[in-house]
Amino acid sequence: MKDLEWYLVEIVDPTLKDFDEHPTSRRHAFLACVVTCHAVDYLAYPADPRSLRQQFEHQSPAFKLVNDVGHA
């Protein structure tokens, strides 16, 4: 869980802040999706994140969109 906390604070939060400051930037939007969807990898570790990712996609159409873009 410590790695997830680090990832959220050091990677996700600043990247989302950058996107918030540049809402029309495709680059910032794409990077925000990449770091957000890959937070599941840290959350699931050491297990394979696929089933957790599928569960989140089923529960949230917004996450499914972010995940699809982040893996494009």
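The values are calculated or read from the model by the stated rules, or taken from the named source; none is laboratory data. Only a predicted model underlies this, so the values are computations on that prediction, with no experimental measurement involved. Note that each Cβ is placed from the backbone with ideal geometry, even for glycine, and that neighbours are counted across all protein chains shown. Please note that ligands, DNA and RNA were not included when accessible areas were found on the heavy atoms of the full protein model with its side chains. Shrake-Rupley method; radii C 1.70, N 1.55, O 1.52, S 1.80 Å.
When A62, A47, A72, A32 are checked against the criterion of being assigned to a helix (DSSP H, G or I) and either open to solvent by 30 Å² or more (accessible area, probe 1.4 Å) or over 19 Å from L8 (Cβ atoms) (or both), A62 stands alone in meeting it.
Residues in the range 24-40 that are touching a helix residue (DSSP H, G or I) at 6+ places or on another chain (Cβ under 8 Å) and either of a type in the set (K, R) or more than 24 Å from R50 (Cβ to Cβ) (or both): 3 in all. The residues in the range 6-29 that are among the hydrophobic types (A, V, I, L, M, F, W, C) and open to solvent by less than 40 Å² (accessible area, probe 1.4 Å) can be counted, and the count is 2.
Can you work out which of the residues in the range 35-44 that are out of contact with any Leu (no Cβ under 7 Å at 6 or more places or on another chain) and not hydroxyl-bearing (S, T, Y) is surrounded by the fewest Cβ atoms within 10 Å (Cβ to Cβ)?
For the range 35-44, the residue satisfying everything is D41.
Whether any residue in the range 1-24 is at pLDDT below 95 and not in a helix (DSSP H, G or I) is what I want to check. Checking the range 1-24: at least one residue is at pLDDT below 95 and not in a helix (DSSP H, G or I). Restricting the first member to the range 34-62 and to residues that are farther than 17 Å from K2 by Cβ, and the second to residues that are charged (D, E, K, R) and open to solvent by 70 Å² or more (accessible area, probe 1.4 Å), the beta-carbon pairs closer than 6 Å and six or more apart or on different chains are E57/K64.
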